[in-house]
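Enquirer: For reference, the structure I am asking about is given below.
The values are calculated or read from the model by the stated rules, or taken from the named source; none is laboratory data. Predicted model only: the values in this text are computed from it and were never measured. So basically every Cβ, Gly included, is an ideal-geometry build from the backbone, and we count neighbours across all protein chains shown.
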Amino acid sequence: MRVRLLGTGTADGWPNPWCSCASCRAAAAAGVVRTSTSALVDDRLLLELGPDAPRAAVRAGAGLTGVEAVLVTHAHPDHLHAPAWMWRGWASGARPVTLVGPPAVLAAVAPHLDDTVTTVEAVPGARLAVAGFDVRVLPASHAGAEVGPAVLYDLTCAQGRSLLWATDTGVLSHAALALASGRAYDAVLLDLTSAHLPDHHDLRTWPEQVAELRRRGAVVDTTAVHAVHLGHDNPPPAELDALLRGWGASAPRDGEVLEVGRPSATATAPGPRAGRVLVLGGARSGKSAYAEQRLAAEPAVTYVATAPARQGDAEWAQRVQAHVSRRPRAWSTLETGDVAQVLRTAATPLLVDDLGLWLVRVVDAAGAWEGPLGDVEAACDELVAAWQACRVPVVLVAPEVGSGVVPGTASGRRFRDLLGALTARLAAASDEVVQVVAGLPRPLR
């Protein structure tokens, strides 16, 4: 299955031509211009026919003359440009074509259709044979009956390659997830639009949706996961690409070609999911939130909380609860100081938060705020060895202490020195090192 991405952007595109926000300026400077989302599959099946799709097809050297079927998810104008059907009527020798869409789509274009167009209503749960494809219709969590109701499409070609076209949609309903469960798609193209528009995914719900699809067997290790329907509420392109790589996904550009089911030299390749990732940052820098985001697309995560209990400390309890409330419900929590043992035996991805609290615990247990450090150094050696040996994705949060300020006590200076030396050793053994400053991640490796 060959998918030519005619567009990957939102209705207003990215950059929005009227906008001068940082994200739009960065996209323009990088030459990453996205038009309304649509795709041409094997040059004979068109997904969405918005205002940009016809010209994009011509620029790609494909045109639309070979299209046998058009699948439209709903009647918003970036997905359904009614005049395009009128233009088709002006062309000579138009071949028969099948239009599949929900009732509002068929009604909107009815005045522009001739007798070469066969219309088929897209009903969630239906299974259709269209242009040589097996098409399953899924419900979308997007818009109402006036433009749909919106649907999603699950395509399988004659060679057995499968694709989930999930734009536009919010969090998938139980009915949609039930239809997708166990499908082990070769590719998933999933809406990543905005935190401000309803019925769309954002940077919080998108990875959580991917995690749910992984739990249900719709996304497997061989599935290529791509973000589409992208707009300027996302970070600048380079930052978004880095974030998606950590989720084992990508944001292909307009005009790229996806060879579904096999590697493609022309398409943006999804990156490997997290290996050993060390996240550094000062107090309230956003390092913990970033660490949680890095693992948000995993189907299961163990959150390793290293802080010892603090009985009677209400303010500390509030801090802990703030962390707990951010975690996905599918995550489990393990409160322990034996991080090395967890690293050695883990079977699911880990988030360890944080190294500083672990070190306090170790120094306390050894009674080593003064005097010999033998037990502390042994514990640090064991932790580094376990970090090197860990075979599951793991993100470790480490605070930056001191930053040039000399603590006023001997114990403070000892802690600063121990933490700095241990962090450097772990960084040397990490696949990635990221420093978070004022909420912004800065890759160091």
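Enquirer: Is it true that some residue in segment 44-63 is in the same structural domain as R161 (by TED's automatic domain parsing), farther than 22 Å from A91 by Cβ and within 25 Å of the chain's Cα centre (by Cα)?
Expert: No; the residues of segment 44-63 include none that is in the same structural domain as R161 (by TED's automatic domain parsing), farther than 22 Å from A91 by Cβ and within 25 Å of the chain's Cα centre (by Cα).
Enquirer: Identify, from the list A218, A178, the residue that is in a loop (DSSP other than H, G, I, E, B), within 24 Å of G101 (Cβ to Cβ) and over 12 Å from the mean Cα position of the chain (by Cα).
Expert: A218
Enquirer: Further question: From the set of residues in segment 192-232 that are more than 19 Å from D154 (Cα to Cα) and among the aliphatic types (A, V, I, L, M), which is surrounded by the most Cβ atoms within 10 Å (Cβ to Cβ)?
Expert: Filtering first and then ranking leaves L230.
Enquirer: Only one residue in A347, A368 is part of a loop (DSSP other than H, G, I, E, B) and closer than 21 Å to E292 by Cα, so which one is that?
Expert: One residue alone meets the criteria, A347.
Enquirer: Is it the case that segment 135-143 has a residue that's surrounded by 15 or more Cβ atoms within 10 Å (Cβ to Cβ) and under 17 Å from M1 (Cβ atoms)?
Expert: Yes.
Enquirer: Let me ask you something else. Scan segment 424-443 for residues that are without any contact (Cβ under 8 Å) to a residue 60 or more places away in the chain and in contact with a strand residue (DSSP E or B) (Cβ under 9 Å, 6 or more places away or on another chain) and jot them down.
Expert: R442
Enquirer: Now a separate question. Is one or more of the residues making up segment 398-421 closer than 16 Å to R294 by Cα, at pLDDT 95 or above and touching a helix residue (DSSP H, G or I) at 6+ places or on another chain (Cβ under 9 Å)?
Expert: yes
Enquirer: Does T8 satisfy the condition of being in contact with a Gly (Cβ under 6 Å, 6 or more places away or on another chain), in contact (Cβ under 8 Å) with a residue 12 or more places away in the chain and under 22 Å from A238 (Cα atoms)?
Expert: Criteria not met by T8.
Enquirer: If I go through segment 19-62 residue by residue, how many of them are of a type in the set (S, T, N, Q) and part of a loop (DSSP other than H, G, I, E, B)?
Expert: 3
Enquirer: Can you give me the number of residues within segment 136-168 that are modelled with pLDDT of 95 or more, β-branched (V, I, T) and touching a Ser or Thr at 6+ places or on another chain (Cβ under 8 Å)?
Expert: Final tally of qualifying residues: 2.
Enquirer: Under 8 Å by Cβ, and 6 or more places apart or on different chains, what pairs join a residue from segment 333-348 that is closer than 14 Å to A307 by Cβ with one that is among the small types (G, A, S)?
Expert: Filtered contacts from segment 333-348: T333/A305; L334/A305; E335/A305; E335/A307; E335/A309; T336/A305; G337/A365; V339/A386.
Enquirer: Same structure again: Please return the ranges of strands (runs of 3 or more DSSP E) entirely within segment 63-159 where 1 or more residues are among the charged types (D, E, K, R) and farther than 22 Å from T37 by Cβ.
Expert: 117-121, 127-130, 133-139
Enquirer: Now for a different question. Contact list please: Cβ distance under 6 Å, first residue in segment 105-130 and within 22 Å of P149 (Cβ to Cβ), second residue part of a loop (DSSP other than H, G, I, E, B) and at pLDDT 95 or above, pairs at least six apart or on different chains.
Expert: V105/V72; V105/A75; A108/A75; A122/P102
Enquirer: Looking only at segment 395-423, count every residue that is free of Cβ contacts under 8 Å to residues at least 40 places away in the same chain, under 17 Å from K287 (Cβ atoms) and not in a loop (DSSP other than H, G, I, E, B) and tell me the total.
Expert: Of the residues in segment 395-423, 1 are free of Cβ contacts under 8 Å to residues at least 40 places away in the same chain, under 17 Å from K287 (Cβ atoms) and not in a loop (DSSP other than H, G, I, E, B).
Enquirer: May I ask you to list the residues in segment 272-293 that are surrounded by 24 or more Cβ atoms within 10 Å (Cβ to Cβ) and among the basic types (K, R)?
Expert: K287
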